[in-house]
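The values are calculated or read from the model by the stated rules, or taken from the named source; none is laboratory data. Everything numeric in this text was worked out from a predicted model, so none of it was measured. Here the Cβ positions follow ideal geometry from the backbone for every residue, glycine too, while neighbour counts run over all protein chains shown.
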């Protein structure tokens, strides 16, 4: 696919997907959805071969993502008296699969939030496994200002990350949350000074590119499964995962490196 709305690259085990409509704060159109879907399938394929071991998701320009481009005719309300668009159809076909794809990737996903993350853009950020943000970034659940609900997983992520009271406030007031406060609330992993942001994102990406990828993939799967599982189910899942990981090349290398007092050379399998 000839990408017009995103930038995509895989180098040294690091896949980087950049939303690239900076003049529109990287808001989504149907064309952008199609390109992101295609790129994520490439990441999954390259993860299977070991060529991709971490994904960095970020935005071009001064913002991460402003959510849906409301000028896109696929979701716009149209003229008075026109038949309304089914927004649920857009969520079902585009946003829900995007969140599910990020969560299912068998590698760590770093959300590098370089500016405002609003609406669906905020919740796409929260779908990433580890979220880093510039201190100038912000998170805004703007849906209430349009008479809508926080979609793209927002009603799922918010109460689990920050609790019911803060989730209600974010969802029903639509106030801007600074990156520093998002870190303090546990919404994201870390807020970073703007001038140090790119270097810290790359350092984390390089760390994951040389880490035991299969173990990390199982870790994210197990943590996400715990939201629905009982303790008994979760213990059974841990047993199954440990049985498989104990036979992995990376486990053997990790033990050997520990015994030999050297840095491990993980291969991601």
All positions within the range 130-155 that are in contact with a helix residue (DSSP H, G or I) (Cβ under 8 Å, 6 or more places away or on another chain) and part of a loop (DSSP other than H, G, I, E, B): 135, 136, 137, 141, 148, 149, 150, 151, 152, 153
Residue satisfying all of: in the range 11-37; out of contact with any helix residue (DSSP H, G or I) (no Cβ under 6 Å at 6 or more places or on another chain) and assigned to a strand (DSSP E or B); surrounded by the fewest Cβ atoms within 10 Å (Cβ to Cβ) among these: 11
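Residue check: is residue 111 touching a residue at least 24 places away in the same chain (Cβ under 8 Å), part of a strand (DSSP E or B) and outside the structural domain of residue 223 (by TED's automatic domain parsing)? It would help to see each step written out before you state the result.
On the way: touching a residue at least 24 places away in the same chain (Cβ under 8 Å): yes; part of a strand (DSSP E or B): yes; outside the structural domain of residue 223 (by TED's automatic domain parsing): yes.
So residue 111 passes the test.
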Qualifying residue in the range 38-61 (condition: under 21 Å from residue 92 (Cα atoms) and either at pLDDT below 95 or assigned to a loop (DSSP other than H, G, I, E, B) (or both)): no
Residue check for residue 151: at pLDDT 95 or above and either in contact with a strand residue (DSSP E or B) (Cβ under 6 Å, 6 or more places away or on another chain) or farther than 23 Å from residue 221 by Cα (or both): no
